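Chemist: The structure that follows is given in the form of structure tokens.
Any read-out appearing in this document is the output of simple, stated calculations on the displayed coordinates, not a laboratory observation. Since we're looking at a predicted model, the values are computed, not measured. Here Cβ is always computed from backbone atoms with ideal geometry, including for glycine, and neighbour counts include all displayed protein chains.
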Amino acid sequence: MITLEHVTKTFRMEGHAINAVDDVSFTVEEGELAVLIGPSGSGKTTTMRMINRLEEPTSGKISVNGQDVMSMNVVNLRRHIGYVIQQGGLFPHFTVAENVATVPRLLGWSKKKRRERAEELLALVGLDPAIFANRYPRQLSGGQQQRVGVARALAADAPIILMDEPFGAVDPITRTQLQRWLRQVQQDVKKTIVFVTHDINEAFLLGDRIILMRDGHIEQNGTPADLLRSPETEFVKEFIGDEFALQALEHTYIAELAKPVPSRVPDDTLVIPAGMSIPEASREITQADTTGHSGFLVTDEEGKPEGYVTYEDLASAIGEGISSGAESSDEVIPELLESEDA
Amino acid sequence: MQYILDNPGRVFELTIEHLQLVFSAILIAALIGIPLGILISRVKWLALPVLNISGVLYTVPSLAFFAILIPYTGIGKTTAITALAVYSLLAIVRNTAAGMNEVPASVVDAARGMGMGQFQRLRLVELPLAIPYIFAGIRLATVAGIGIGAIAAVIGGGGLGRLIFDGIRTIDSNRIVAGALMCIILALLAEYGFSKLALLLRPDMRVKAERG
């Protein structure tokens, strides 16, 4: 569990004091994937970097499993928190296996144990150890490098992982694959993850919790469905309703998400016509009061209830974003993996 | 050529002497220059003065430099090695600093974030990544040192310069050519050897990237 209490980080620039992070408090529960999202300069990366003390807070308190990070040995703290950055930050002169086993090496594991662990993790992230273990990072594609970066963060079995825009530098198709893949891996390993991104689709797809930041403070902290159905500020509305973020879904209609109408639906349930696209419906929903509701009714042309969509389902559909055309992630991934190796 | 074939023992002896001269100087220069290069890559304000001073030293003509040193280090090998070490310093310091500065920020960030201490980062990440630069500096210094080392014979430094200066004194072009030829061969071998050594220490440089 990670807790931030009234954390502020002040940078001095040309004599001016700027609060990059301004009185931020939140908790990430064990096994939860929390996404820190916001435009550039919102303080999301600085916030994350304070957790493993790559930056030190000016004031406030950060604790990891109840222990104040400032009271811990910094090197030791970092060795027990996995860290993934853009393009993996792999060591170019280490083989893939050596990269993965970096923290075990720092922790003094035997060579044999390190090797075994590296192979185990490479298998976990979908890279055949027989092929990849002895390669160097430059021999891998961007997507493969990212996988190695994630494997490296998992190597010492750290319960907490920090990810700083880990998929920011790869092409959109690879990114979608990696996102789906991470979601599956997370289902297996159940780590406590803090994930920084500026991509709203990525946040909706991966986040159990989304912490939306702007100018150093939190605009809203909630589940993807919370943000979608009850945005707390105008900024949240804009950020989520952003045409750009949702444009990929313009040709996906609400009808496609509809499930049978449950037996009991409250009278004041929101009604959305089946022909509305997902972005249109999202705009409708952010304007309406949906407190206490789990979803909305979908109606046909004559206004008769045709189906029901939960806010959770809508949120994950938005998360799927550009990949909405794909049938099933289980079918897509192995196929794409092969082409990546070719 | 003929002189080498007629006096293989003598040529071999002088070649070894020459190598000893150059390598002692390079070793000293590396022992001082590499730490100094690391230092100026960390303490930025030191970079300019250090590089300027070694730059100025590099421009002093070698014969003059030998002469300046004689009152302090006398006639012989010590003076020759001291002068050669000073000449080698610039290339080694500058290249070490360049190599350290070229380590990608993301890699340093990853190393810190994974819990490497200052010294571990240097030993496991930064120095290995700077190796191609450091070795380029050493290679440059060695090749230059082999040439400048020939002048050391004037102040009793020995080495292949003896052949050349003897040749000049006795107007024997065979000896001059022999000395010069051996210097060229040594320089080429040093060039080749250090390139190979760098690749040995950085096996990843041998593999080609399979894609962009």
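Chemist: If the convex hull of the alpha-carbon atoms of region B:152-209 is projected onto planes in all directions, what is the mean projected area in square nanometres? Please list the in-between numbers first.
Modeler: On the way: hull surface 21.4 nm².
Averaging across all directions leaves 5.3 nm² for the Cα convex hull.
Chemist: Where does helix A:111-124 land angle-wise versus the long Cα axis of chain A, in degrees 0 to 90, nearest 10?
Modeler: Roughly 20 degrees, rounded to the nearest 10.
Chemist: Over region B:80-154, one equal point on each Cα, no solvent: what is log10 I(q)/I(0) by the Debye formula at q = 0.19 Å⁻¹?
Modeler: -0.75
Chemist: Can you give me the span-like helices of chain B, meaning DSSP H runs with 20 Å or more of Cα extent along the axis and Kyte-Doolittle mean at or above -1.0?
Modeler: Correct list, ordered by number: B:8-42, B:44-59, B:77-101, B:127-151, B:173-201.
Chemist: Out of all DSSP beta bridges with both ends in the protein assembly as shown, state the antiparallel percent to the nearest 5. The partial results should precede the final answer.
Modeler: Numbers: 28 of 50 bridges.
That works out to approximately 55 percent antiparallel.
Chemist: So what is the relative contact order for chain B, in percent, with contacts set as C-alpha pairs under 8 Å and at least six apart? Show your work: numbers first, answer last.
Modeler: Working: 260 pairs, mean separation 57.0, N = 212.
Computed value for chain B: 27 percent relative contact order.
Chemist: Related question: About its Cα centre, what dipole magnitude does region B:2-201 give when the only charges are +1 on Lys and Arg Cβ and -1 on Asp and Glu Cβ, stated in debye to the nearest 20?
Modeler: Roughly 420 debye, rounded to the nearest 20.
Chemist: Another question about this same structure. Using only Cα atoms, find the angle between the long axis of helix A:278-287 and the longest principal axis of chain A, and express it within 0 to 90 degrees, rounded to the nearest 10.
Modeler: Helix A:278-287 sits roughly 80 degrees off the main axis of chain A.
Chemist: A further question on this structure: Using only the alpha-carbon atoms of region B:2-201, report the extent along each of the three principal axes, biggest first, to the nearest angstrom.
Modeler: 67, 37, 19
Chemist: If R0 is 56 Å, what FRET efficiency do you get for A:Phe235 and B:Asn174 from their C-beta distance, rounded to 0.05?
Modeler: Once the sixth-power term is evaluated, E becomes 0.05.
Chemist: Taking square-rooted eigenvalues a ≥ b ≥ c of the alpha carbon gyration tensor, is region B:38-92 rounded, prolate or oblate, where a/c under 1.5 means rounded and, failing that, a/b exceeding b/c means prolate?
Modeler: prolate
Chemist: Also, quick follow-up: Please report A:Phe91, A:Phe167, A:Phe132 as a ranked list, fewest other C-beta atoms within 10 angstrom at the top and most at the bottom.
Modeler: A:Phe91, A:Phe132, A:Phe167
Chemist: Using Cα positions and a limit of under 25 Å, work out the lysines in reach of B:Lys196, with same-chain residues fewer than 8 apart set aside.
Modeler: B:Lys208
Chemist: Given 0.36 nm per residue, what is the gain on full extension from A:Met276 to A:His217 after removing their alpha carbon distance, in nm?
Modeler: 17.8 nm
Chemist: Report the per residue volume, in Å³, of the convex hull enclosing the C-alpha atoms of region A:7-119.
Modeler: 155 Å³
Chemist: What whole-number distance in Å separates the alpha-carbon centres of region A:11-48 and region A:87-104?
Modeler: 28 Å
Chemist: A further question follows. On a 0 to 90 degree scale, rounded to 10, what angle separates helix A:142-154 from the longest Cα axis of chain A?
Modeler: Relative to chain A, helix A:142-154 is tipped by roughly 70 degrees.
Chemist: Would you mind working out the magnitude of the charge dipole of chain A relative to its Cα centre, with +1 at each Lys and Arg C-beta and -1 at each Asp and Glu C-beta, to the nearest 20 Debye?
Modeler: The calculated dipole for chain A is roughly 2320 debye.
Chemist: By the gyration tensor of its Cα atoms, with a ≥ b ≥ c the square roots of the eigenvalues, what is the shape of the protein assembly as shown: rounded for a/c under 1.5, prolate for a/b over b/c, or oblate? Don't skip to the answer; put the middle values down first.
Modeler: Details: a/c = 3.44, a/b = 2.61, b/c = 1.32.
Since a/c reaches 1.5 and a/b is larger than b/c, the shape of the protein assembly as shown is classed as prolate.
Chemist: Rounded to the nearest 500, what is chain A's calculated 222 nm mean residue ellipticity when only DSSP H runs of at least 4 contribute -39500 (n - 2.57) each, over all residues?
Modeler: Roughly -10500 deg cm²/dmol at 222 nm, from the helical runs in chain A.
Chemist: Still on this structure, I have one more. Which value at 222 nm does chain B reach when only helices count, each DSSP H run of 4 or more adding -39,500 (n - 2.57), with the total divided by all residues and rounded to the nearest 500 deg cm²/dmol?
Modeler: Rounded to the nearest 500, it is -26500 deg cm²/dmol.
Chemist: What distance in nm lies between label points placed 7 Å from Cα along the C-beta direction at A:Glu29 and A:Met1?
Modeler: Calculated label separation equals 1.0 nm.
Chemist: Tell me the net charge near A:Leu227. Cut-off is 10 Å between Cβ atoms, A:Leu227 excluded, with +1 for each Lys or Arg and -1 for each Asp or Glu.
Modeler: Its environment carries a net charge of 0.
Chemist: May I pose another question? How big is Rg to Rh over region A:150-189, alpha-carbon atoms, Rh as the Kirkwood inverse-mean-distance radius? Don't skip to the end; give the middle numbers.
Modeler: On the way: Rg = 10.8 Å, Rh = 11.1 Å.
Ratio of gyration radius to Kirkwood radius: 0.98.
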